[in-house]
Amino acid sequence: MSQIERLLPGFDANERRNLAFYTFGIMCYKLGLESALGALKSTMTERFNSNPSTSASAFATIGILEGLNQLMQTLGAIAAAPLIFRFKTPRVLANAILVFAILTVVFLILEASTGGKVVSYMINKNGKSVPDPSTYGNWSPYVIFPLFLIIGVAYGVTELIRRVIPRDIVGGDVEKLKKMDSSVHMLYEIAGTGGAFLSAFMIQKIGHVYAMCLVPPFFFISAFCMYKLHSPERNIVSAAGKKRSAIAAVVHYAGVYFSSIITGARIIFSSRRFFWLIPGYTLGLVFHRYLEGGVAPNFSKIVLGDSSYSQIMNGGSNFGEFLGALFVFVFNTQVKTPIPWVRWDAVALNLAWLIPGLAYPLLTTGISPLGYAWIMAALFMFISMGWSAGDVSLAAYVQSQLKHNDEEEPEGEVSPLGAVMAFLYSTNILFYFCLNFGLGKYLDVFSNRVKAITNDKNLAYQTGIEPFFMISGVLFSVGCVVIIAGTFIPKGAFAWNPVILAGDEHEDEEKSKRDEAGANANETSNFLMSKS
């Protein structure tokens, strides 16, 4: 038996080949994705803040832009559905990654053709080294809007396919899927950690836009790996057995998506065992996304002076996601339901008080902005550990509670699992957009005050830190209370570590097993894990 066969027992030669190409390809994709998103976020933050026509409302504008990007991700996911039933899934994934790569090349060409300098020169303002806007290319920041929205479509296609392609690679064998998901997920998060740190390094060395220079090579390698995957071809077939046109298929799946949102709302609001997912799953995801996409770059720009420091913080966050998933994997048999993990996630949100709380005493007594960013990376790691543990366990819980029939979806049927996830994802987009835009307007007030301060480092720090006591302090603590309160909604959830929730899809089965065979409480955990 070869070394590869020992590492991947039970997989045949073609599955091992597919898994090798996919794992390497998805790691390259994650490296490129973190580099691209980090550079794009820094570019938006710096350009909208430095341009006189957009500076006064920079953070509110960024909030609108990110909200539209998430909407386009949803449209991309809708468009992906007919594509993966008409063409080979790996080919669709590869082409979406290539489109993403080409769009980053457009940014590089735009910057080079308008006089942007490769070296990111820094100037001193209020005792902080900040990027020099005179080194930027001479183009309007509003150009980012159409490019970032198209990127949202490609990103949405890619993320949807990334969640369904494992079945095409190893088939429907549950044990193989579990092995593949766990190994790929851990390597994916490790690549994400490296990508975030690499992005911060490249931005510091060659500037916000030129830091995307590594993205096309990573994406091209990833697309090549996806092209090499062997996968069956599937076609969209109507009830009459006729193939839909591409436009008709997109319209059909858009209808299915919006119909599924309504169905998902009915399921969520019909039972206590599902209603708690709104605070437990949706709000947890909203706060995690705002931590990485709102607090990190906004704090880095307003307080530390350079938005690229946010990628250092997000690198720590990505590593925390890896550790959180690992915790769930290791302690799966001891923790039978998602309740303890979600409560850990909620309590960990209170650590965000330390983001502004430690800033003034450390930054005014010798710690550099770069050094403080690394301290925050460690803090973000602990916060994201809680979110990742809750997210992974909730995903397994939802999948185990709802039947999912892949064969019904091409016919326009709305599966319960798809409906619930569509509703939760849509509410997440709505909450995040409102939060990001509203807090963006709030931050603009303090950002403009900081910009008006000259030659007073301590006053600039004090003014910039002030809004984050309300945002990452009070707001995140309110989120903690709401999420924890939500965990007491399901019947039987008042125990710290419930064995099983009353009304659970598998409650009767669990009881009968204990009555008949005297099975111990670990059976429920094992059953849920087998469904994840």
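The values are calculated or read from the model by the stated rules, or taken from the named source; none is laboratory data. Keep in mind it's a predicted model, so treat the numbers as computed, not measured. Every residue, glycine as well, gets a Cβ built from its backbone with ideal geometry; the counts of neighbours run over all protein chains shown. Just so you know, the surface numbers come from the protein's heavy atoms only, side chains and all, with ligands and any DNA or RNA stripped out. Shrake-Rupley method; radii C 1.70, N 1.55, O 1.52, S 1.80 Å.
Tabulated data for the structure shown
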read-out	value
Accessible area, probe 1.4 Å, largest first, for residues ARG86, ARG167	ARG167, ARG86
Heavy-atom accessible area order for TYR253, TYR227, largest first, 1.4 Å probe	TYR227, TYR253
Under-5 Å amide H pairs with LYS491, H placed in peptide plane, nonlocal only	ALA502
In sequence order, calculated HN-Hα J values of segment 52-63 (Karplus, 6.51, -1.76, 1.60; Hz; x Gly/Pro)	x, 7, 10, 4, 5, 10, 4, 6, 5, 5, 5, x
Out-of-range pairs (alpha-carbon distance over 27 Å; input LYS30/LYS205; LYS117/LYS441; LYS30/LYS451; LYS41/LYS205)	LYS117/LYS441; LYS30/LYS451
R0 of 30 Å, Cβ-Cβ distance SER53-MET186: FRET efficiency to nearest 0.05	0.10
Inter-probe distance in nm under a simple model that places probes 7 Å from Cα toward Cβ, at ILE247 and ILE102	2.1 nm
3J(HN,Hα) from dihedral phi, segment 24-34, Karplus parametrisation 6.51/-1.76/1.60, rounded to Hz, x for glycine, proline	5, x, 6, 5, 5, 4, 5, 4, x, 4, 5
Convex hull per residue volume in Å³, alpha carbons only, for segment 34-75	60 Å³
Extension reserve of the ASN458-ASN350 stretch, reckoned as 0.36 nm per residue once the Cα distance is removed	36.3 nm
Model label zone, LEU362; criterion: amide N under 18 Å from point 7 Å along Cα-to-beta-carbon; scope segment 181-209	197
Under 5 Å, built H, 5+ apart or other chain: amide partners of ILE123	VAL130, ASP132
Sequence of ASP181, ASP444 when ordered by accessible area, the most exposed leading, probe 1.4 angstrom	ASP181, ASP444
Long-range amide H partners of GLY207 with built H, under 5 Å	SER120
Proportion of all alpha-carbon pairs of segment 353-400 beyond 17 Å (%)	48 percent
Probe 1.4 Å - accessible area at VAL330, Å² to nearest ten	90 Å²
